[in-house]
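Single-structure report; data block below.
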């Protein structure tokens, strides 16, 4: 229970963390693009007019992009989405002739907005058009060599913008799904409890009331027979008290043979002529239990809803099918509960039989009799719902929801692939020879492989020495190419910064991650790299580290929520069972305990004090009838507001009995004193 509560708390924390992480990554990407764009434009020594145009266009693009990334644009009216996307397209493409190639980076933001705002299949053609639309401008301004890089940068930026918003929404969607599953589990548990109350305790309490009334009437003329009936009431009450404890936690095994003996006794007490013929034995435990429940409910219906004078019970085994048939001649007064599907009783039985591969039919036979026929395979495998198994409605459609972690993993891998492509393109421009390029590719393969392990394998749970070893190896592979390339390659420290954020716990990770990027500055300065390029390298590395670590965190949130398929449902069911247990204890436990003690007292009073025994029988009858009414209330709504009464004190006697004025004894010692 505590584990479930802890898991629920982690889920709430995850749900709050996802939007924060998404917002942080979004701001980081927008800030990185802005800085790179501004530096690129400033590097061309623009005049005042171009600077004013740059400021106005940046303000418009960032405002529109932030709205598309954080305000769920697909919920907007179509005309609003069309207007905002058109405005962003205009401020993306029109300034290109004046602001030059650096402004082309804004096409990645526009492509991301298209994916976020346009629903259905239309978004992919538009996305391709936006991505391809930047190529002619890039070729015209900088030549075809830069076009590949521009397309890669546009695709990567759009993927980041779309992915981070999608993963954040996916986390929220999964959280809502878990709540819905918890609600389904609670509903299923309530149906199980209601069915068990109806099938188990309804019969027991009806039998107690019937036998108590019979004992009351027999007491003046046949005290010995009355004592026998009271002894049977004592046994039924003890069994019902055990059933109260079992209903909240699961289900107990029942025997068709034992239930038949009990049914014959109850029917005889009700002055119904009954006979039984059981020609099947050694049934599987689950089939035996279900058929015993069918018999109990059928006898209960015959007692409650008919004027039956005769009843027959037959059970047979034909091949691999066990058949139970219960007939009574009280069809003329049948209620809705005795008609298949018409009430909760036979509806519960049909559900239980379907659970073992059987079926149920019932109805008048045309000769004045009412018949209930149950068929069940003699080799049924088990009762998932009736044997206290954890309800797991999330199993329905689990395969359909496996796309959530797959989508998150695909997004993460796509981001890693995008940054890898950009890095290779940048490094290829400064590699002086084929050997230098091969050496770089070897080191970069190590960096990417370790980054994939850190992102997908929950590296923070590894032993400290393993984490230190992998991080050290990644750092060596990150900085070693400087020995022959002579200059930092783009985003070279971004992967290492992401790994440090992912694997190192506590505040130390921030310091180490910042230091891994800060190393670029002196190394690049020592190699004679221009200041604008140094700023670009540091900025791109910081953004890469933030994006990769952010996507990793969102991927893990999605995966953890998905893996915790039944945690919230189990918590809800456990809480519901505690409520049921408390309600049953308050409503029925006290009543049945009082009935048990009263029957023990009556047994001691007989035959010496028949009048006192008769008064106590009156109390038992009233308590049993009130308990039967309470069972119906609990089964319907877990009692709700029954009023501030004590169940053992509610003894409103039927008209033909006079209610006693003294409270019943609450302990055996008080019962002995009363004797």
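Determine, yes or no, whether residue 252 is more than 26 Å from the chain's Cα centre (by Cα) and either modelled with pLDDT of 80 or more or surrounded by fewer than 22 Cβ atoms within 10 Å (Cβ to Cβ) (or both).
yes
Looking only at the range 71-92, filter to residues that are under 17 Å from residue 158 (Cα atoms) and touching a helix residue (DSSP H, G or I) at 6+ places or on another chain (Cβ under 7 Å); which one of those is modelled with the lowest pLDDT?
The selected residue is 74.
I'd like to know if the range 335-356 contains one or more residues that are closer than 28 Å to residue 211 by Cα, buried (at least 24 other Cβ atoms within 10 Å of the Cβ), at pLDDT 85 or above and touching a helix residue (DSSP H, G or I) at 6+ places or on another chain (Cβ under 9 Å).
There is no residue in the range 335-356 that is closer than 28 Å to residue 211 by Cα, buried (at least 24 other Cβ atoms within 10 Å of the Cβ), at pLDDT 85 or above and touching a helix residue (DSSP H, G or I) at 6+ places or on another chain (Cβ under 9 Å).
Any residue in the range 357-366 that is closer than 30 Å to residue 274 by Cβ, modelled with pLDDT of 50 or more and under 29 Å from the mean Cα position of the chain (by Cα)?
So far as the range 357-366 goes, yes, one or more of its residues are closer than 30 Å to residue 274 by Cβ, modelled with pLDDT of 50 or more and under 29 Å from the mean Cα position of the chain (by Cα).
I'd like to know if the range 166-174 contains one or more residues that are under 23 Å from residue 424 (Cα atoms), assigned to a helix (DSSP H, G or I) and either touching a helix residue (DSSP H, G or I) at 6+ places or on another chain (Cβ under 8 Å) or modelled with pLDDT of 70 or more (or both).
In the first step, residues of the range 166-174 are kept if they are under 23 Å from residue 424 (Cα atoms); the result is none.
Scanning the range 166-174, I find no residue that is under 23 Å from residue 424 (Cα atoms), assigned to a helix (DSSP H, G or I) and either touching a helix residue (DSSP H, G or I) at 6+ places or on another chain (Cβ under 8 Å) or modelled with pLDDT of 70 or more (or both), so the answer is no.
Could you tell me which of the residues 493, 518, 480 is without any contact (Cβ under 8 Å) to a residue 24 or more places away in the chain and touching a helix residue (DSSP H, G or I) at 6+ places or on another chain (Cβ under 9 Å)?
518
Return yes or no: is residue 189 at pLDDT below 70 and closer than 30 Å to residue 69 by Cβ?
The answer is no for residue 189.
Check whether at least one residue in the range 198-213 is on the phi < 0 side of the Ramachandran plot, surrounded by fewer than 19 Cβ atoms within 10 Å (Cβ to Cβ) and modelled with pLDDT under 80, and report yes or no.
Within the range 198-213, none of the residues are on the phi < 0 side of the Ramachandran plot, surrounded by fewer than 19 Cβ atoms within 10 Å (Cβ to Cβ) and modelled with pLDDT under 80.
Take the residues of the range 119-146 that are touching a residue at least 40 places away in the same chain (Cβ under 8 Å) and within 40 Å of the chain's Cα centre (by Cα): which is nearest to residue 163 (Cα to Cα)?
119
Residues that are modelled with pLDDT of 85 or more and in a loop (DSSP other than H, G, I, E, B): does the range 518-528 have at least one?
Yes.
The values are calculated or read from the model by the stated rules, or taken from the named source; none is laboratory data. Every value quoted in this text rests on a predicted model; they were computed, and no experiment measured them. Don't worry about glycine lacking a Cβ; one is built from the backbone with ideal geometry, like all the others, and counts go over all protein chains shown.
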